[in-house]
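Written below as structure tokens is the structure these notes are about.
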Amino acid sequence: MTYRSSLRFLSLLTLLLVPAAAMAGDDGLSLVPVDAAAVGVAHIDQVRSGALAAKLFAQTDRMTIDGEGARLLAQIGLDPTRDIDTVTFALAPKKGAMQGGNPLVILEGRFDQAKMIALIEEHGAVKRNSGNRAYYVAPEKVEADHEGAVAFLSGNRIVAGSEEAVIEALANAEKGGSAFRVAGALSADLPHIDAGASAWALVDVPRAARLSGNDPWSGTQDHPGQMLMTSMKKVSAFGLWTTESGEKLYFGATALSSDPETRQLLEDATRGVLAAWRLAAQESEPELVNVIRQFNVKQTSLGVTISGTVTSDMFQNFAKKSSKM
């Protein structure tokens, strides 16, 4: 087990959980950089015993490289279903670079800080300092461009990601937090996220595309799904959220655009995708037809929103089938 593997696991764990978490009490946002192009929060404590969490945690080790994540957790005595309460993810531009992003992961919960530090030092992690705070980098990166870093702010909070992102997070922690909530590039779009969500993510579409250096929405116009992806090119921001309540999962997604033609294209393409799903479900999954029919598509002067409800049993059925694909 290498230190790089440990960082890889933390990043993969976050990417697994984020798409699946409430705006109130999102303390991790205090460390998100103001210029973040994407941000997401997952409140594991709100879905810990539900079908959604069961599926997420069942997949955690499968999402890691060679199951290293599970072995790391066992070594440090960390149980994500019990010890992690909130996961926050952010992606900001690299300083002075036209492309490339700085990922940041913030884990909040209950951690044995001394045990975790001893483990990564055992595997060669090198301690560095930024201001009055310490962080650790992988040994193979000490004499090169430092990519992976992790810092233990307390027994309740860990930050990990690129070295540049971790250093900035430490600086924000030192000064009592960043101004992301009030002055961040995405702060004006936060109200479009359902305030009662269990998990959510928000992306500045144009800037995120520039960070990746490619066009994620390319495709032909021959299929409703491709039409929807193509129409996303003119979207300013995209948000999605989900909430687990008893036996049901509520979800929604909003694409924001100030252009009426783009909004109409988005609405038409979304309805086209739903129609294609219904047609496909009539033969293979007839029970899904009524579920898909209940999905709501709504256009406002700000954008287009799709929302719906899926039962926990149906979600678990989807999960079983997708795991066999």
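What follows draws every value from the coordinates through simple rules; no lab data is involved. Here the structure is a predicted model, which means the values were calculated and not measured. Positions of Cβ are backbone-derived with ideal geometry, glycine not excepted, and every protein chain shown enters the neighbour counts.
Of note:
- Under 5 Å from the amide H of S130 lie the amide H atoms of Y135, each residue being 5 or more positions distant or on a separate chain, with H modelled from the backbone and absent for Pro and chain starts.
- Peptides 78-89, 30-41, 163-174 ordered by packing proxy, namely the average of other Cβ atoms within 10 Å per residue, highest first: 30-41, 163-174, 78-89.
- Computed from the Cβ-Cβ distance with R0 of 25 Å, the FRET efficiency linking A171 to L302 stands at 0.15.
- Spacing of the modelled spin labels on K127 and A280, each 7 Å from Cα toward Cβ, amounts to 5.3 nm.
- For the range 266-277, putting each phi into the Karplus relation 6.51 cos²θ - 1.76 cosθ + 1.60 with θ = phi - 60° gives couplings of 4, 4, 4, 5, 5, 5, x, 5, 4, 5, 5, 4 Hz, in residue order, rounded to whole numbers and with x for Gly and Pro.
- Taking amide hydrogens as placed 1.01 Å from N in the peptide plane, the amide H of S257 sits under 5 Å from those of S236, G303, V304, each at least 5 positions away in sequence or on another chain.
- Electrostatic dipole magnitude of the range 79-138 [Cβ: Lys, Arg +1; Asp, Glu -1; Cα centre; debye, to 20]: 380
- Cross-link table K95/K127; K175/K248; K95/K175; K95/K234; K95/K233; K115/K248, entries beyond 31 Å C-alpha to C-alpha: K175/K248; K115/K248
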